[in-house]
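The values are calculated or read from the model by the stated rules, or taken from the named source; none is laboratory data. No experiment lies behind these values; they were computed from the predicted model shown. Cβ coordinates were reconstructed from backbone atoms using ideal geometry, including for glycine residues, and neighbour counts include every protein chain displayed.
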């Protein structure tokens, strides 16, 4: 299962890189659709639409026509349903046994071999097309291009980024991961007509980027080590400041071994960034979890003698005013007494209103998405989508290694 998941992720990364390369190398500034109506990538010009489907078969020892029956039938079905449209169909597929850049033209004989397949997955499409589709016209519009390996494709993308006047010394750590994330973000937009980009828009947006994206897609890249080191350096600029109000949103479903790690993570943060007299802004930790888990966290923090303000009068009654009060702080001899070290709240409508009304300086969201209800105006948002708590500790400067 893990191997299958890895291949699936690689397939998406391959598609995103091929999309990026098409956009970056397009000097006509054509509109390019990601996850288009027809295929993975659609390059639209006034005269023709080039529809590209990407397939990554790194594990295949050699090329076999049967491996690509499905994309060929899918393209042929679209051609049959849209025979009046001027569309060029291109299958961009990597097989280690085939030379990158070589092309294969489909023959009528090969199409008839596909129609003889007994695979149940293709039965409906074959019944719809066999004896009805104009095979000669389809194969004129169809090309199989054998694609580069993922590594070579990534190298080509980085070269193309430099060719589009993006600074070479920031490609690996800043522009490349953010470019991948931009394509990934576009690919999940619901409306097809909004999943579009062109060269000028992409490069303009990249030039404005100042933070490295750390997401489910960029953490799958070979350059993850560089990305994490860069993110650590970027976060340090604000984490190094003593008087800074910080909010944290951590989801139970977004971090591996959450229940085992969350209490230690909170206490380690306090020991690193909230223990001096000059640390005068009490952080708020919002935990997106079940009531049972939240109760357990409170008990475990209590057992570690970590004092917190949860705003609860009883387990069922939350008092906003109690939650908002600042802790009593006093110097007793050489020791600093603080009534409580953090504010702790389960993420719900009560805390949402407080977060929006009383703005922080830095908002750390350790989640795949940022809740739309959050008002982030005039706030430094740091969204980090890392499953591994060791990696989160590392970029937060709480450890020197994530191994």
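Please verify whether residue 63 is in contact (Cβ under 8 Å) with a residue 60 or more places away in the chain, surrounded by 14 or more Cβ atoms within 10 Å (Cβ to Cβ) and closer than 25 Å to residue 32 by Cβ, treating the condition exactly as stated.
In short, no.
Does residue 158 qualify as being in contact with a helix residue (DSSP H, G or I) (Cβ under 6 Å, 6 or more places away or on another chain) and exposed (fewer than 13 other Cβ atoms within 10 Å of the Cβ)?
No.
Do you know which residues across region 104-119 are outside any loop (DSSP other than H, G, I, E, B) and either in contact with a helix residue (DSSP H, G or I) (Cβ under 9 Å, 6 or more places away or on another chain) or at pLDDT below 95 (or both)?
Selection gives 104, 108, 110, 111, 112, 113, 114, 115.
Within region 323-343, identify whether any single residue is assigned by TED's automatic domain parsing to the domain that holds residue 260, more than 18 Å from residue 282 (Cα to Cα), touching a residue at least 12 places away in the same chain (Cβ under 8 Å) and surrounded by 11 or more Cβ atoms within 10 Å (Cβ to Cβ), and answer yes or no.
No; the residues of region 323-343 include none that is assigned by TED's automatic domain parsing to the domain that holds residue 260, more than 18 Å from residue 282 (Cα to Cα), touching a residue at least 12 places away in the same chain (Cβ under 8 Å) and surrounded by 11 or more Cβ atoms within 10 Å (Cβ to Cβ).
Of the residues in region 83-108, how many are free of Cβ contacts under 8 Å to residues at least 40 places away in the same chain and over 19 Å from residue 57 (Cβ atoms)?
Residues in region 83-108 being free of Cβ contacts under 8 Å to residues at least 40 places away in the same chain and over 19 Å from residue 57 (Cβ atoms): 6 in total.
Just one of 65, 73, 21, 91 is under 28 Å from the mean Cα position of the chain (by Cα) and within 22 Å of residue 130 (Cα to Cα); which is it?
Checking each option against the conditions leaves just 91.
Against the definition (surrounded by 15 or more Cβ atoms within 10 Å (Cβ to Cβ), in contact with a helix residue (DSSP H, G or I) (Cβ under 9 Å, 6 or more places away or on another chain) and assigned to a helix (DSSP H, G or I)), how does residue 126 come out, yes or no?
When the stated conditions are applied, residue 126 passes them.
Listed here are the residues, each with its yes/no results for (1) touching a strand residue (DSSP E or B) at 6+ places or on another chain (Cβ under 6 Å); (2) within 30 Å of residue 24 (Cβ to Cβ).
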position	(1), (2)
179	no, yes
184	no, yes
201	no, yes
229	no, yes
239	no, no
248	yes, no
259	no, no
277	yes, no
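Check whether at least one residue in region 49-64 is part of a helix (DSSP H, G or I) and modelled with pLDDT under 95, and report yes or no.
Within region 49-64, not a single residue is part of a helix (DSSP H, G or I) and modelled with pLDDT under 95.
Would a scan of region 181-188 turn up a residue that is more than 25 Å from residue 225 (Cβ to Cβ), without any contact (Cβ under 8 Å) to a residue 24 or more places away in the chain, part of a helix (DSSP H, G or I) and within 32 Å of the chain's Cα centre (by Cα)?
Within region 181-188, not a single residue is more than 25 Å from residue 225 (Cβ to Cβ), without any contact (Cβ under 8 Å) to a residue 24 or more places away in the chain, part of a helix (DSSP H, G or I) and within 32 Å of the chain's Cα centre (by Cα).
Any idea which residue in region 220-242 is nearest to the chain's Cα centre (by Cα), counting only those that are more than 19 Å from residue 399 (Cα to Cα) and touching a residue at least 60 places away in the same chain (Cβ under 8 Å)?
220
Identify, from the list 208, 228, the residue that is farther than 25 Å from residue 352 by Cα and loosely packed, with under 14 Cβ neighbours inside 10 Å.
Unique residue meeting the criteria: 208.
For every residue, the table says whether it meets (1) surrounded by fewer than 19 Cβ atoms within 10 Å (Cβ to Cβ); (2) closer than 23 Å to residue 89 by Cβ.
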| position | (1), (2) |
| --- | --- |
| 166 | no, no |
| 183 | no, yes |
| 192 | yes, yes |
| 200 | yes, no |
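Within region 195-219, count every residue that is part of a helix (DSSP H, G or I) and more than 18 Å from the chain's Cα centre (by Cα).
6
Of these, 292, 261, 277, which one is assigned by TED's automatic domain parsing to the domain that holds residue 338 and in contact with a helix residue (DSSP H, G or I) (Cβ under 7 Å, 6 or more places away or on another chain)?
Going through 292, 261, 277 in turn, the sole match is 261.
Please work out if residue 368 is surrounded by fewer than 20 Cβ atoms within 10 Å (Cβ to Cβ) and either in the same structural domain as residue 249 (by TED's automatic domain parsing) or assigned to a helix (DSSP H, G or I) (or both).
yes
Residues 244, 233: which one is assigned by TED's automatic domain parsing to the domain that holds residue 364 and either part of a helix (DSSP H, G or I) or in contact with a helix residue (DSSP H, G or I) (Cβ under 8 Å, 6 or more places away or on another chain) (or both)?
244
Does residue 88 satisfy the criteria of being within 21 Å of residue 18 (Cβ to Cβ), assigned by TED's automatic domain parsing to the domain that holds residue 31 and outside any loop (DSSP other than H, G, I, E, B)?
yes
Hey, could you check region 308-318 for residues that are surrounded by fewer than 13 Cβ atoms within 10 Å (Cβ to Cβ) and without any contact (Cβ under 8 Å) to a residue 12 or more places away in the chain and say which is nearest to residue 353 (Cα to Cα)?
The selected residue is 317.
Quick one: is residue 151 outside the structural domain of residue 248 (by TED's automatic domain parsing), modelled with pLDDT under 95 and outside any helix (DSSP H, G or I)?
Judged against the criteria, residue 151 is not a match.
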